[in-house]
1. Is there a residue in region 90-110 that is open to solvent by 30 Å² or more (accessible area, probe 1.4 Å), closer than 22 Å to Asn2 by Cα and of a type in the set (Lys, Arg)?
2. Out of everything in region 1-12 that is in contact (Cβ under 8 Å) with a residue 60 or more places away in the chain and not hydrophobic (A, V, I, L, M, F, W, C), what residue ends up being most open to solvent (accessible area, probe 1.4 Å)?
3. Being among the aromatic types (Phe, Trp, Tyr) and open to solvent by less than 40 Å² (accessible area, probe 1.4 Å) is the requirement here; does Phe117 meet it?
4. Return the only residue of Ala121, Ala38, Ala90 being over 19 Å from the mean Cα position of the chain (by Cα) and at pLDDT 95 or above.
5. Tell me which of these Ala38 doesn't satisfy, since it passes every other one: (1) under 13 Å from Phe77 (Cβ atoms); (2) without any contact (Cβ under 8 Å) to a residue 12 or more places away in the chain.
6. Which of the residues belonging to region 13-29 are open to solvent by 30 Å² or more (accessible area, probe 1.4 Å), at negative phi and not β-branched (Val, Ile, Thr)?
7. Would you please name the residue that is surrounded by the most Cβ atoms within 10 Å (Cβ to Cβ), looking only at residues in region 147-169 that are in a loop (DSSP other than H, G, I, E, B) and in contact with a Ser or Thr (Cβ under 6 Å, 6 or more places away or on another chain)?
8. Restricted to region 42-80, and to residues that are of a type in the set (Ser, Thr, Tyr) and surrounded by 15 or more Cβ atoms within 10 Å (Cβ to Cβ), which residue is nearest to the chain's Cα centre (by Cα)?
Amino acid sequence: RNLGEQRQAEFYVRDILISLAYGFSRVSPGIIMDAGNAYYNTLWGGGGLCRRYPLLYPKKAYVGVATVTRVLDRAVFSRRVETGSRTVYALAFRRADGREVTALWTTVGTAEIEARFDGVASLEEVGFFGESGAARARSRTVTAGTAPVYLLSDRPVASAPVKARRYAP
């Protein structure tokens, strides 16, 4: 609760991505629901993916975790794609269907990242909450923020340099 619902969701999903990249056998981002008793009023009682009993409304973290689960279903970490910045992340995963998923995010602010391919690639850009759009191109400029976005492609990302950075005042 101290982080706010959006930042909690972003932290959970980024923890999942980093844990998968480091080969963790178990990844536990949070509990199913917030504590339904007096424990709820503590610092740790609001760590659920859903609100507390009896309503159990899904929080933003629920949707973010569902999206990363959908795009990385049966995927295996393959490599870290160099972005030229220590605070802009690009992690590549290989899916069972042969497509590559590149998760892109920043620690603060936003970054314009140009994902380049060797040849024309079939692409699908999936946002943090699951919204998507398809294209075919040799490169794709993605706006990455603190919430990860995913680039699914039939070719691996050859390079992903940062074109621009923006920071909130």
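1. Step one: list which residues in region 90-110 are open to solvent by 30 Å² or more (accessible area, probe 1.4 Å), which gives 94-99, 107-108, 110.
The next check asks that each one be closer than 22 Å to Asn2 by Cα; those that pass are 107-108.
Within this subset, residues satisfying the condition of being of a type in the set (Lys, Arg) are none.
No, there is no match, as no residue in region 90-110 is open to solvent by 30 Å² or more (accessible area, probe 1.4 Å), closer than 22 Å to Asn2 by Cα and of a type in the set (Lys, Arg).
2. So the first thing to find is which residues in region 1-12 are in contact (Cβ under 8 Å) with a residue 60 or more places away in the chain, and the list is 6-7, 9-10.
Retained after the next criterion (residues that are not hydrophobic (A, V, I, L, M, F, W, C)): 6-7, 10.
On the way: Gln6: 58, Arg7: 123, Glu10: 16 Å².
Taking the candidates together, the pick is Arg7.
3. Values: among the aromatic types (Phe, Trp, Tyr): yes; open to solvent by less than 40 Å² (accessible area, probe 1.4 Å): yes.
Criteria met by Phe117.
4. Numbers: Ala38 fails: at pLDDT 95 or above; Ala90 fails: over 19 Å from the mean Cα position of the chain (by Cα).
None of the other options fit; the residue is Ala121.
5. Going through the list (1) under 13 Å from Phe77 (Cβ atoms); (2) without any contact (Cβ under 8 Å) to a residue 12 or more places away in the chain, Ala38 breaks only (1).
6. At the first step, the residues of region 13-29 found to be open to solvent by 30 Å² or more (accessible area, probe 1.4 Å) are 14-15, 18, 20, 22-29.
Right, trim to at negative phi and you get 14-15, 18, 20, 22, 24-29.
Hits for region 13-29 are Arg14, Asp15, Leu20, Tyr22, Phe24, Ser25, Arg26, Ser28, Pro29.
7. Looking only at region 147-169, we keep the residues that are in a loop (DSSP other than H, G, I, E, B), and these are 147-148, 154-156, 160-161, 167-169.
Within this subset, residues satisfying the condition of being in contact with a Ser or Thr (Cβ under 6 Å, 6 or more places away or on another chain) are 154, 160.
Working: Asp154: 16, Ala160: 25.
So the residue we want is Ala160.
8. Quick first cut of region 42-80, residues of a type in the set (Ser, Thr, Tyr) only: 42, 53, 57, 62, 67, 69, 78.
If we keep only those that are surrounded by 15 or more Cβ atoms within 10 Å (Cβ to Cβ) too, we end up with 62, 67, 78.
On the way: Tyr62: 13, Thr67: 8, Ser78: 16 Å.
Residue satisfying both the conditions and the ranking: Thr67.
The values are calculated or read from the model by the stated rules, or taken from the named source; none is laboratory data. Everything numeric in this text was worked out from a predicted model, so none of it was measured. Methodologically, a virtual Cβ is constructed for each residue, glycine included, from the backbone with ideal geometry; neighbour enumeration extends over all protein chains shown. All accessible areas refer to the heavy atoms of the entire protein, side chains included, with ligands and DNA or RNA removed. Shrake-Rupley method; radii C 1.70, N 1.55, O 1.52, S 1.80 Å.
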